[in-house]
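Read the figures in this text as sums done on the coordinates, not as results from a lab. Remember, predicted model here, so these are calculated numbers, not experimental data. Here Cβ is always computed from backbone atoms with ideal geometry, including for glycine, and neighbour counts include all displayed protein chains.
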Amino acid sequence: MSNIKKTTEPAIKVTFLGGVGEIGKNMTALEFGDDIIVVDCGLAFPSSDMPGVDLVIPDYSYLFNNRHKVRGIVLTHGHEDHIGALPFVLKDVPVPVFGTKLTLAILDGKLREHKVDEPNLVTVKPKSIVKLGNSFKVEFIQVNHSISGSCAIAIHTPIGVVVHSGDFKVDYTPIDGATTDLARLGELGGREVLLFMCESTNVERSGHSMSEQVVGVSLDGIFADNMDRRILVATFASNIHRLQQIIDLAKKYKRKVAFSGRSMINISDSAAKIGELRFSPEDIIDIDKINNFADKELVIITTGSQGEPMSALTRMSSNEFNKVKLGINDTIVISASPIPGNERMIYSVINNLYKLGTRVIYESLRDVHVSGHAYAEELKLFHSLLRPKFFVPVHGEYRHLKRHAELAEKMGMRSVDVFVPEIGNQIEITKRAMRMLDNVSSGSLLVDGLGVGEVGNTVLRDRKHLAEEGFFVVTAGIDSRSGELTTLEFSSRGFVYEKEAEDVYKSCDEIVRGIIGSLDLRDFSDYNLLKTNIRNEIKRHLFRRTRKNPFILVAVVTI
């Protein structure tokens, strides 16, 4: 990357607010003159070291501080990691949002749930072009992915074209017949693309991804092999093409379909209303009615393909889902691969399903899932078609971005024309060069209940401390006139076994009485100092005695 001095040439600023060096919360801002547009606005799910956190969204303070410049948000597709932060962002940055029909149908349900009033949602189609401000014309280009209505974005600016791939694969035989528009990408490449930003998720996988039709063939075989058994298929609710194949197979094998799980019901309903999911109403039954049908007459499509703790399949596997009880005549198909980090949860669910006597089929046994992300040869195809002057890999952990940068260089790009970004980076691109600017305010905002950004490192540290070590409470009552100790009580949770607690409390009783007895507490005012002394002595004592370090709370009540 060039380290040229600040130039007076017209330039595009690109700000990476999420989705680089990580999987999830994709958000990129492009700025030219007084106009800013945003590509995607996603969330991530909390990791195991974020107890109590519901969602993680990008820190969008840069957009909030420049909200008078933001002309709109354009969406590549309707997955959570690309649209999930919008219910929060739109409350502070109320701008138009552009997306395809299914993308906006899914988004609309989320906005209603979060009570975002009168959002300005603008439906587009592949080949649509929308003008945003004085600087940007945004073109939507058909691509294949694991959700319908996915698009790459070509952003036409006064100094050149910027292409953002979105999430994509090259499927020559997609279920809906709409292939990735390679011809349009080639046309753009023939006119010179200034900057290409491309997803990097599967850059480490050689070759080509398989077609979605492969899954249909495998599922057909599973239906044929389980004619007398009840079939349950766990998959992503957003994978409409997968749902369509399952519904079509159910029709072929004379089975009724029941949807299970809130997101499955909501998304299938939204997709059916706009014509993206097609079925006859008489072929669908409510999950509450499944006991009226024989096992061989049923297919249940459910959430829980990632082993999410509260998902329908996870609760079924633990016998905690009152609407579906699993047994020896059930065949469970997990039509998804584990997202990195979810392996332990999903294999725990599979183990529990086996314990219930069910037959379980998952990716390592049959071709019941294909990726929605391009493998290395498909990435090379996009590079060859677009022939960009500058390249920035996005959508992946840092190793993915680095490998993608190396791929671009192997295809002939100069290393100075390739930039591997981190969250908060801002770059400036002219027709001649690309350089890095100062970082902007960035990071993550934690959503905890109704609070956004209110949970910080201190709260998380305390929660982890409580979860790992438990807590110990000292409550002392003091007569403020006589200075005498009137009451002294101890309690704890998650610290020591109940049978050991009494001995621990007795030893602590002696320590606290010794501290209080050494002070003249008549007309005493510095109770904070007293609490600190008690906390420190109890902490040292408990660690010496138990080698544990519980969260200690000291309450001093005066009367």
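List the relative contact order of the chain as a percent without decimals, with contacts defined as Cα pairs under 8 Å and 6+ residues apart. If you can, show how the numbers build up before the last one.
Working: 1175 pairs, mean separation 93.2, N = 559.
It rounds to 17 percent for the chain.
Need one number: the % of Cα-Cα pairs in the range 320-388 sitting beyond the 19 Å mark. Walk me through the intermediate numbers first.
Details: 1210 of 2346 pairs.
Percentage above 19 Å: 52.
Computed from the mean reciprocal separation of all distinct C-alpha pairs, what Kirkwood hydrodynamic radius does the range 460-559 have, in Å?
Details: mean 1/r = 0.0711 Å⁻¹.
Mean inverse Cα-Cα distance, inverted, gives 14.1 Å.
Taking Lys252 as the anchor, which aspartates and glutamates have their alpha carbon closer than 15 Å to its alpha carbon, excluding any fewer than eight residues away along the same chain?
Asp220, Asp225, Asp228, Glu282, Asp283, Glu297
Could you give log10 I(q)/I(0) at q = 0.16, 0.17 Å⁻¹ for the range 51-133, computed by the Debye formula over C-alpha point scatterers of equal weight, without solvent?
Debye intensities relative to I(0), on a log10 scale: -0.62, -0.70.
Considering the values [x] 0.95; [y] 1.00; [z] 1.07, which represents Rg/Rh (Cα atoms, Kirkwood Rh) as calculated for the structure under consideration?
Identified label for the calculated read-out: [z].
Rg(Cα) of the range 117-253 divided by 2.2 N^0.38 Å? Write down the numbers at each step before the final one.
Numbers: Rg = 18.9 Å, N = 137, 2.2 N^0.38 = 14.3 Å.
Taking the Cα Rg and dividing by 2.2 N^0.38 Å, one obtains 1.32.
For all pairs of alpha-carbon atoms in the range 363-405, what percent lies in each bin of width 10 Å, listed from the first bin to the last filled one?
Per 10 Å bin, starting at 0, the Cα pair percentages come out as 22, 44, 25, 9, 1.
Give me the lysines in straight-line cross-link reach of Lys499: C-alpha distance below 30 Å, same-chain residues under 8 apart excluded.
Lys464, Lys531, Lys539, Lys548
Modelling each spin label as a point 7 Å along the Cα-to-Cβ direction, I'd like the Ile129/Tyr398 distance in nm, to one decimal.
4.1 nm
Convert 20 °C to kelvin, take the viscosity as 1.002 mPa s, use the Kirkwood radius over C-alpha pairs of the range 315-452 as Rh, and evaluate the Stokes-Einstein diffusion coefficient in µm²/s, rounded to a whole number.
Values: Rh = 19.5 Å.
So the translational diffusion coefficient is about 110 µm²/s.
Each label point is 7 Å from the Cα along the Cα-to-Cβ direction; what then is the distance between the points at Asp269 and Lys69, in nm?
If labels sit at Asp269 and Lys69, their model points lie 4.2 nm apart.
May I ask you to compute the full-extension gain from Ala178 to Ser206, defined as 0.36 nm times their residue separation minus their alpha-carbon distance, rounded to one decimal in nm? Working shown, then result.
Values: separation 28, 0.36 × 28 = 10.08 nm, distance 2.44 nm.
Result: 7.6 nm gained on full extension.
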